[in-house]
Amino acid sequence: MKLLASLTSPYARKLRVLAQELGIELALVETAPMTDPTALLAANPLGKVPALVLDDGSAIIDSPVIAAYLLAAMPGQTLLPTEGSEHWQARSTEALADGVLDAAIILRFNMAQGITSGPWVDRQYRAIERALAVMNGRVGGSAFGDICIAVACDYLTFRFTDLDWRTHNPALVELTDRLLATPAFVATQPPA
């Protein structure tokens with residue numbers, strides 16, 4: 001399996017950490033999505049990373065779908081409860097963390113175009129703040145959910161040095177600091 005991904009993509013990092021925790025080998029193919037490379041467009045006509053290309057040449061796209069595929073590939077895995085309320089809470093935690101990433105990436109694209117204020121920008125910051133507050137209460141719900149949270153928090157630190165998410169979210173700080181020291185997170189740290 002090959003993962004087409006940018007080294008700075010937090011969505012790809014979530015999958016890379018997950019694969020390492022599951023013991024799944026993924027060949028990383030560094031891919032710059034903004035250049036619309038042929039291999040990426042063949043795997044994902046939307047031109048978005050990450051995209052997982054399977055050994056038979058077919059592709060799976062979108063990080064939650066790829067995460068589900070990797071988890072399903074390892075029967076008996078313990079990172080994500082397989083059923084019941086705990087399963088759906090963990091999936092909801094993933095959606096919250098991905099939503100933080102979505103808002104942060106919207107902000108980055110806006111900033112690149114010189115848009116640094118206004119109602120749409122303010123809405124993204126409020127969404128991030130609300131989601132962080134909720135995730136602060138979800139730490140420890142599942143190992144998978146914790147991975148998703150730590151990836152989102154570390155991305156905020158990586159790309160938004162002036163965003164003080166740590167002051168009001170002590171559980172997120174403890175979780176993120178602890179997971180960032182693990183081999184899977186160290187190995188997937190984005191380049192500076």
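For region 17-23, putting each phi into the Karplus relation 6.51 cos²θ - 1.76 cosθ + 1.60 with θ = phi - 60° gives couplings of 5, 4, 4, 5, 5, 8, x Hz, in residue order, rounded to whole numbers and with x for Gly and Pro. Model label points for R108 and A187, set 7 angstrom from Cα along the Cα-to-Cβ axis, are 2.3 nm apart. Derived scalar couplings between HN and Hα for region 5-13 equal 7, 8, 5, 9, 6, x, 5, 5, 4 Hz in order, rounded to whole Hz, by the Karplus curve 6.51 cos²θ - 1.76 cosθ + 1.60 (θ = phi - 60°), x for Gly and Pro.
For the pair T8 and S117, what calculated FRET efficiency results from E = 1/(1 + (r/R0)^6), where r is the Cβ-Cβ distance and R0 = 25 Å, to the nearest 0.05?
On the way: r = 25 Å, r/R0 = 0.99.
Computed FRET efficiency for S117 and T8 comes out at 0.50.
Multiplying the residue separation of D164 and A133 by 0.36 nm and removing their Cα-Cα distance gives an extension gain of 9.9 nm. Based on alpha-carbon centroids, what's the gap between region 40-67 and region 96-126 in Å, whole number please? The distance from the Cα centre of region 40-67 to that of region 96-126 comes to 25 Å.
The trypsin sites (Lys or Arg not before Pro) found in region 92-192 include none that occupy coil by DSSP while having at most 12 further C-beta atoms within 10 Å. Dividing the Cα radius of gyration of region 2-72 by 2.2 N^0.38 Å, with N the residue count, gives 0.98.
Taking 4 °C and 1.567 mPa s as conditions, region 84-182 diffuses translationally at an estimated 94 µm²/s according to Stokes-Einstein applied to its Kirkwood radius (Cα pairs).
Restriction of the GluC sites (Glu not before Pro) in region 57-161 to DSSP coil positions whose beta-carbon has at most 12 other beta-carbons within 10 angstrom yields E83.
FYI, it's all coordinate maths here, none of it is from the lab. What you are looking at is a predicted structure, and each value in this text was computed from that prediction instead of being measured. In this analysis, Cβ positions are derived from the backbone assuming ideal geometry, glycine residues included, and neighbour counts consider all displayed protein chains.
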